[in-house]
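Engineer: Please find one structure pasted underneath; my questions will follow.
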Amino acid sequence: MPLSSKILWAVSMDTPAEQNSLAQAAHMIKANVVCIRTSSPLLKDSIAAFHALNIEVYGWRWPAVVPTDSPPNYSAPNQADFVASVLIPAGLDGYIVDPESDDDDGVNDWQRTDVDTAALAQSFCKTIKDAAARSGRPFVFGTTSGSTYPASKPGIPFSKFFAASDKVYPQTYWRARDRHGNPVDIHGGTPASSMPTGLADYGSAGKPVMPMAGEIDCAKASEIQAYGALLAQHGIDEGHFYEFNHNVPPEVLSAIAAL
């Protein structure tokens with residue numbers, strides 16, 4: 001079953017050259033959506049440019065739980081206000097929140113007891129969804145996080161995020177780069193081993209589950225083909241690819257284009 005929608009994710013889009021590269025890659029793989037981290041200084045003004053290419057634009061962020069002004073719009077309330085007052089009026093088509101935990105008590109650690117994270121999550125989602133409703137345009141709100149986190153990190157207020165979500169996006173990556181930049185197998189090292197847990201744990205949300213492929217800069221073309229076949233097996237026609245950078249092998253982009 002061919003994919004009816006492809007979403008290409010981006011972490012960095014800090015220069016016009018990076019914006020052009022992302023647009024070219026999206027066109028090459030036949031993506032109809034780009035999902036860009038909201039830390040990009042070009043995001044607001046890029047929305048119209050991507051729309052002119054018939055590409056929708058989502059934003060995403062792992063927002064901070066603890067108040068901080070560095071970088072700007074990083075803390076959850078400020079991030080929600082930024083999306084609501086700046087990005088949605090500029091034409092943003094969707095937003096995917098990424099609550100996670102490295103178990104390090106960092107400012108972005110959502111599994112903690114010194115903050116009412118459930119109330120924070122509910123307020124965060126409401127601010128964005130209310131602004132989207134006021135815009136009068138279709139808007140997708142979703143939640144992504146580690147593929148096992150709803151079960152393995154119960155302190156994260158997933159119930160609040162899931163309740164507000166139209167779709168949920170488990171990070172069913174089978175390979176990732178470690179802190180030294182070396183690729184290492186995770187979740188069994190294959191799409192077939194990584195996808196079932198994400199589907200099961202996020203299925204509790206009662207929302208459509210869209211497993212993500214990643215990290216594609218250390219994936220193989222054959223693995224992308226296997227990921228596409230698994231989506232078809234589960235009747236899912238939306239593919240998510242995290243994330244575009246100049247290290248993604250051309251054969252991997254070609255494999256995504258063929259899905």
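No lab work stands behind these numbers, since they all come straight from the coordinates. In this text the structure is predicted, and so the values were computed from the model without any measurement. Note that we place each Cβ from the backbone using ideal geometry, even for glycine, and neighbour counts take in every protein chain shown.
Engineer: Please work out the ratio of the alpha-carbon Rg of the chain to 2.2 N^0.38 Å and round it to two decimals.
Structural biologist: For the chain, the normalised Cα radius of gyration is 0.95.
Engineer: Moving to a separate point now. Whole-Hz ³J(HN,Hα) for each residue in the range 235-252, computed from phi via Karplus 6.51 cos²θ - 1.76 cosθ + 1.60 with θ = phi - 60°, x for glycine and proline: what do you get?
Structural biologist: Values per residue, Gly and Pro as x: x, 9, 10, 10, x, 10, 10, 10, 9, 6, 7, 6, 8, 5, x, x, 5, 6 Hz.
Engineer: About the Cα centre of the chain, what is the dipole size in debye to 20, counting +1 per Lys and Arg Cβ and -1 per Asp and Glu Cβ, all else neutral?
Structural biologist: About 660 debye.
Engineer: Under 22 Å Cα to Cα from residue 126, which lysines show up? Leave out anything in the same chain fewer than 8 places away.
Structural biologist: Here the lysines satisfying the reach criterion relative to residue 126 are 44, 160, 167, 207.
Engineer: Let me ask you something else. What aspartates and glutamates does residue 6 reach when the alpha-carbon gap must be under 18 Å and sequence neighbours fewer than 8 apart in one chain are set aside?
Structural biologist: Candidates past the 8-residue exclusion: 56, 93, 166, 215, 217, 223, 237, 238, 243, 251.
Engineer: Would the range 48-149 count as rounded, prolate or oblate if I go by the C-alpha gyration tensor, calling it rounded below 1.5 in a/c and otherwise prolate when a/b exceeds b/c, oblate otherwise?
Structural biologist: Cα axes put the range 48-149 in the prolate bin.
Engineer: Which whole-number percent gives the relative contact order of the chain, counting Cα pairs below 8 Å spaced six or more residues apart?
Structural biologist: Relative contact order, the chain: 19 percent.
Engineer: Tell me, 98, 14 in order of fewest to most beta-carbon neighbours within 10 Å?
Structural biologist: Ranking 98, 14 by Cβ neighbours within 10 Å, fewest first, gives 14, 98.
Engineer: Turning to a different aspect of this structure: Which of 112, 134, 61, 179 comes first, and how do the rest follow, when ranked by fewest Cβ neighbours within 10 Å?
Structural biologist: In increasing order of surrounding Cβ atoms, one gets 179, 134, 112, 61.
Engineer: Right, something else. Would you kindly derive the ³J(HN,Hα) couplings of the range 171-177 from the backbone phi angles with the Karplus curve 6.51 cos²θ - 1.76 cosθ + 1.60 (θ = phi - 60°), listing them in order in whole Hz, with x for Gly and Pro?
Structural biologist: 7, 7, 6, 10, 8, 8, 8
Engineer: While we're looking at this one, here's another question. Out of residues 5 or more away from residue 100 or on other chains, whose amide H comes under 5 Å of its own, with H placed 1.01 Å from N in the peptide plane?
Structural biologist: 110
Engineer: Give the residue from 256, 20, 138 lying farthest towards the positive end of the charge dipole for the range 5-257; charges sit on Cβ (+1 for Lys and Arg, -1 for Asp and Glu) and the dipole is referred to the Cα centre.
Structural biologist: 138
Engineer: Return 246, 51 ranked ascending by Cβ neighbour count within 10 Å, so the fewest neighbours appear first.
Structural biologist: 246, 51
Engineer: So how far, in whole Å, is the C-alpha centre of the range 1-29 from the one of the range 169-204?
Structural biologist: Each part reduced to its Cα centre gives a spacing of 21 Å.
Engineer: Could you list which residues have their amide H under 5 Å from that of residue 141, counting only those 5 or more apart in sequence or on another chain, with H placed in the peptide plane?
Structural biologist: 95, 166, 167
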